[in-house]
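One structure coming up, written as structure tokens, with questions to follow.
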Amino acid sequence: MNYYPLLEIQGFGAEVQLANFPSNGDYESPINPVVVYAAQTTGSHWSIYDCGELLPWETRIYSRADLNGEENPLESIFFFMSEQSLPNILSALPMPSLFQNTEPAWRGNLRVVGNGTVSSYSGDYPDSLAKLENATLLSLSPMIQKCPGITTRVLIINLCLCPTIREVEARLITLAERSTLQTYRLRTNRVNVLSVDENLVHSASATAVTCEGMTGIPVFVSYNLDRTMISMEHTHPPAEMMVFGSGSARRAIVRGLKDHFLEKGGN
Amino acid sequence: MASLFRFSNRVLDMIQHRLRLRAKSSHRFYNKVAPGATVSDLFLWRLGDQWITEFPLCNLSSLCFPMAPQGEVVVVRFFNAAGDFLKEWETVLAPFEEQTLKIKEQLYGITSDVFGTFCVFHAPTLKNHFLASQTNISDRGYVSYRRNTDQVSSYTHGNTYVLSRNNDEPNQTCFVRYASWRKHTYNLQTTLDDAVQTEVFISNPTKNRQTVTITQFFPDFQTTDTAVTLGPLESCLFTVEKLTRRIALSSHVFMLRPLVFKTYVNGFDVFHG
């Protein structure tokens, strides 16, 4: 099962476009109708909202308006597709569904809508990541734009199968000195929006975002004052800096670098 | 013959589906890369009157082994739209250093092409770290595009391993496999008709000629096929017809996914399929 977060940033529209066809396959592959649901945590259970059927080969854009105002306006929304009909309360999010077992992954187009422009990326929040309740996050990204008049927000998307809400701390650090530039309080099962203090970042060298106790997908969004231009892209996990060879050796390298930047980081 | 191909594709898809073969097995689409070689995605550059392309170069060796920060030699190789080699540029990054690669400065006076590709190879000074772990350092970095009048650069990451290079050898190697007996179709899972203009960038990641069929789907269920034949590392920027709802790409190359530029009234969007 893949989940598709609504990336809501104050002052912008947020949309998710879902397609009921696979990324890879010939046109004769069997495709069934699915129901698109939206999930929102209450802290004790998942509220599930039926957003209607999506027919084979159909695409549709979803937003908060598809929940008809019945949802909590303060909580994030995660869309997903299901071949089975679901009750409107769940104690845990549904586990993998075979129909989305494709390569490349079955993606949605996650969009931020500005003034006469849109920025998007094709992505998903896979259930394999949602299973990790207590993991860590390290984003080694050069995507903070250090130009006057440009604002950068870092979105940390987290989703867990269980609806529990936990608070954790994240830090923006310098890579070389591991000095903490900013600290943030993040929450599980939310699209967390972090502000970046331009004054701190301007004078800093390369930076990273770290978080212990919660994993997630970091997304960097930059925009100008009148919101006519937006950039949005997610970052690769650190493991993507290596390829091939022994998987266990690569995991050991990632463990080592995470130990360095997370556990021993910060002043 | 075509129906036989379709049938074999379906059988293979069903086996793959049943056995739940997916991401971890994707390495079967690549030839073996020598231990210690460095790997790069093939990135698009856009220039001309309108476009500016930049690439933040990061010292990946120090990020992988921050306990033993090391300098790194970075070699960037540029290609034109036909896939011909244009030039090589080298720089040295101090531990944790970031430098901005400005493509316009690099290619000034060298080519009149308005787009092409480049790759980024990292040579750690402490090569033994990667050799010992039998893995390869790879740059999947973030390319930024902006038009001359734009304030904001739009980033997109690399999405396909394409080239490797042994640091002792001057040239790069394409290590992406393809299967001449099997066609792969990639369906872009988003629509295109909300933009003023949509351009789709594709490149041939293999060392052989490949034909890619771009199918455009229109709202009235009509389709148009356009076949594009590309030499090794050759690339193409295809302007999608107005009213095209979505596209699919068919070729013998697995994971041949496009880079999409959608122009809106004010800004533009760039993303990987």
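The values are calculated or read from the model by the stated rules, or taken from the named source; none is laboratory data. The structure displayed is predicted, hence computed values, not measured ones. Don't worry about glycine lacking a Cβ; one is built from the backbone with ideal geometry, like all the others, and counts go over all protein chains shown. Accessible surface areas use protein heavy atoms only, side chains included; no ligands, DNA or RNA. Shrake-Rupley method; radii C 1.70, N 1.55, O 1.52, S 1.80 Å.
Collect the residues in region B:72-98 that are open to solvent by 50 Å² or more (accessible area, probe 1.4 Å) and either within 14 Å of another protein chain (Cβ to nearest Cβ) or among the charged types (D, E, K, R) (or both), keeping them in residue-number order.
B:ASP84, B:GLU88, B:GLU90, B:PRO95, B:GLU97, B:GLU98
Of the residues B:VAL212, B:VAL176, B:VAL152, only one is more than 30 Å from A:VAL112 (Cβ to Cβ), at pLDDT 95 or above and β-branched (Val, Ile, Thr); which?
After ruling out the rest, the residue left standing is B:VAL212.
Hey, among B:TYR161, B:TYR178, which residue is within 14 Å of another protein chain (Cβ to nearest Cβ) and touching a residue at least 24 places away in the same chain (Cβ under 8 Å)?
Testing whether each residue is within 14 Å of another protein chain (Cβ to nearest Cβ) and touching a residue at least 24 places away in the same chain (Cβ under 8 Å) leaves just B:TYR161.
Is it the case that region B:143-157 has a residue that's without any contact (Cβ under 8 Å) to a residue 60 or more places away in the chain, within 8 Å of chain A (Cβ to nearest Cβ), open to solvent by 20 Å² or more (accessible area, probe 1.4 Å) and touching a helix residue (DSSP H, G or I) at 6+ places or on another chain (Cβ under 9 Å)?
Scanning region B:143-157 turns up no residue that is without any contact (Cβ under 8 Å) to a residue 60 or more places away in the chain, within 8 Å of chain A (Cβ to nearest Cβ), open to solvent by 20 Å² or more (accessible area, probe 1.4 Å) and touching a helix residue (DSSP H, G or I) at 6+ places or on another chain (Cβ under 9 Å).
Whether any residue in region B:57-67 is closer than 26 Å to B:PHE268 by Cβ, in a strand (DSSP E or B), open to solvent by 10 Å² or more (accessible area, probe 1.4 Å) and within 13 Å of another protein chain (Cβ to nearest Cβ) is what I want to check.
Within region B:57-67 (the criterion being closer than 26 Å to B:PHE268 by Cβ, in a strand (DSSP E or B), open to solvent by 10 Å² or more (accessible area, probe 1.4 Å) and within 13 Å of another protein chain (Cβ to nearest Cβ)), the answer is yes, since at least one residue qualifies.
Could you look through region A:124-163, keep only residues that are within 9 Å of chain B (Cβ to nearest Cβ) and either small (Gly, Ala, Ser) or under 24 Å from A:GLU75 (Cβ atoms) (or both), and pick out the one that is least open to solvent (accessible area, probe 1.4 Å)?
A:SER141
Filter region B:123-142 for residues that are more than 9 Å from chain A (Cβ to nearest Cβ) and of a type outside the set (A, V, I, L, M); which is farthest from A:GLY114 (Cα to Cα)?
Looking at the filtered set, the residue picked out is B:ASN128.
Take A:ILE89 and decide whether it is hydrophobic (A, V, I, L, M, F, W, C), touching a residue at least 24 places away in the same chain (Cβ under 8 Å) and exposed (fewer than 14 other Cβ atoms within 10 Å of the Cβ).
On the way: hydrophobic (A, V, I, L, M, F, W, C): yes; touching a residue at least 24 places away in the same chain (Cβ under 8 Å): yes; exposed (fewer than 14 other Cβ atoms within 10 Å of the Cβ): yes.
It is true that A:ILE89 is hydrophobic (A, V, I, L, M, F, W, C), touching a residue at least 24 places away in the same chain (Cβ under 8 Å) and exposed (fewer than 14 other Cβ atoms within 10 Å of the Cβ).
Can you tell me which residue among A:ARG227, A:ARG255 is assigned to a loop (DSSP other than H, G, I, E, B) and either more than 7 Å from every other protein chain (Cβ to nearest Cβ) or under 26 Å from A:TYR4 (Cβ atoms) (or both)? Lay out the reasoning, then the answer.
On the way: A:ARG255 fails: assigned to a loop (DSSP other than H, G, I, E, B).
One residue alone meets the criteria, A:ARG227.
Just checking, does region A:221-238 include any residue being over 25 Å from A:ARG111 (Cβ atoms) and open to solvent by less than 50 Å² (accessible area, probe 1.4 Å)?
yes
Within the set of pairs 6 or more residues apart or between chains, which connect a residue that is outside the structural domain of B:PHE221 (by TED's automatic domain parsing) inside region B:240-257 to a residue that is part of a loop (DSSP other than H, G, I, E, B) with Cβ atoms less than 9 Å apart?
none
Let me ask another. Go over the candidates B:PHE85, B:PHE115 one by one and state the one that is within 26 Å of A:PRO142 (Cβ to Cβ) and aromatic (Phe, Trp, Tyr).
Sole residue among the options that is within 26 Å of A:PRO142 (Cβ to Cβ) and aromatic (Phe, Trp, Tyr): B:PHE115.
If we keep just the residues of region A:1-43 that are of a type in the set (S, T, N, Q), within 14 Å of chain B (Cβ to nearest Cβ) and not in a loop (DSSP other than H, G, I, E, B), which is surrounded by the most Cβ atoms within 10 Å (Cβ to Cβ)?
Within region A:1-43, the match that is surrounded by the most Cβ atoms within 10 Å (Cβ to Cβ) is A:ASN2.
Out of A:SER97, A:SER82, A:SER139, which single residue is among the polar types (S, T, N, Q), farther than 17 Å from A:LEU6 by Cα and touching a Pro at 6+ places or on another chain (Cβ under 6 Å)? Steps first, please.
Working: A:SER97 fails: touching a Pro at 6+ places or on another chain (Cβ under 6 Å); A:SER82 fails: touching a Pro at 6+ places or on another chain (Cβ under 6 Å).
Checking each option against the conditions leaves just A:SER139.
Which one is farthest from the chain's Cα centre (by Cα) among residues in region A:72-129 that are modelled with pLDDT of 95 or more and β-branched (Val, Ile, Thr)?
A:ILE89
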